[in-house]
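S.K.: Got a structure here, written out as structure tokens. Questions coming.
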Amino acid sequence: MFSLLTDVVVGIFEFIVDVVLFRGQRRKRDHGDRAVSEDASEIARFDLITLTYISLASVALMFFLSFIAGVSVGWSVAVGIAVGVVWGVWRYMQLVNSP
């Protein structure tokens, strides 16, 4: 029970830190100031929807490379993770640079 409560508190704290860092990055890039609620909803959408799609696509790529293309498991995992990281960073930079 204590572990569950700790995870919830850490998750809330992590979300707040994400929103604060996101607002700081937007401010550094001279983008207009938006409401905190709007930035929080954008971060929540990115965390829940965008990252879920990226992770599912990366896992699908790993399975495809490993089972269908015959690539070794190590290389298929490495390629899947690399594609997921590049795609996630690209989408986050699009989010930061949006008006």
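S.K.: Kindly evaluate Ile43 against the criterion of being open to solvent by 80 Å² or more (accessible area, probe 1.4 Å) and either touching a Leu at 6+ places or on another chain (Cβ under 6 Å) or part of a helix (DSSP H, G or I) (or both).
M.R.: Working: open to solvent by 80 Å² or more (accessible area, probe 1.4 Å): no; either touching a Leu at 6+ places or on another chain (Cβ under 6 Å) or part of a helix (DSSP H, G or I) (or both): yes.
Considered against the rule, which asks whether it is open to solvent by 80 Å² or more (accessible area, probe 1.4 Å) and either touching a Leu at 6+ places or on another chain (Cβ under 6 Å) or part of a helix (DSSP H, G or I) (or both), Ile43 comes out as no.
S.K.: Only one residue in Leu4, Leu48 is more than 22 Å from Tyr92 (Cβ to Cβ) and either modelled with pLDDT of 95 or more or open to solvent by 90 Å² or more (accessible area, probe 1.4 Å) (or both). Which one?
M.R.: Leu4
S.K.: Let me ask something additional. For Asn97, only one of the following conditions fails: (1) touching a Phe, Trp or Tyr at 6+ places or on another chain (Cβ under 9 Å); (2) in contact (Cβ under 8 Å) with a residue 60 or more places away in the chain. What is its number?
M.R.: Asn97 satisfies every listed condition except (1).
S.K.: Another question, if that's okay. What number of residues within the range 51-81 satisfy the criterion of being closer than 26 Å to Gln94 by Cα and small (Gly, Ala, Ser)?
M.R.: Qualifying residue count for the region: 6.
S.K.: Within the set of pairs 6+ apart or on separate chains, which have a first residue in the range 13-35 that is more than 14 Å from Tyr92 (Cα to Cα), a second that is open to solvent by 100 Å² or more (accessible area, probe 1.4 Å) and in a loop (DSSP other than H, G, I, E, B), and C-beta atoms under 9 Å apart?
M.R.: Arg27/Asp33; His31/Pro99; Gly32/Pro99
S.K.: A follow-up question, please. Scan the range 11-33 residue by residue and report those that are open to solvent by less than 80 Å² (accessible area, probe 1.4 Å) and among the β-branched types (Val, Ile, Thr).
M.R.: If the condition is that a residue be open to solvent by less than 80 Å² (accessible area, probe 1.4 Å) and among the β-branched types (Val, Ile, Thr), then Val17, Val19 are the ones that fit.
S.K.: Tell me yes or no: at least one residue of the range 71-92 is closer than 30 Å to Asp33 by Cβ, open to solvent by 60 Å² or more (accessible area, probe 1.4 Å) and among the hydroxyl-bearing types (Ser, Thr, Tyr).
M.R.: No, the conditions are met nowhere in the range 71-92.
The values are calculated or read from the model by the stated rules, or taken from the named source; none is laboratory data. As the structure is a computational prediction, the values presented were derived from the model and not from experiment. Note: ideal-geometry Cβ built from the backbone for every residue, glycine included; neighbour counts use all protein chains shown. Areas reflect the complete protein model, heavy atoms only, side chains present, ligands, DNA and RNA absent. Shrake-Rupley method; radii C 1.70, N 1.55, O 1.52, S 1.80 Å.
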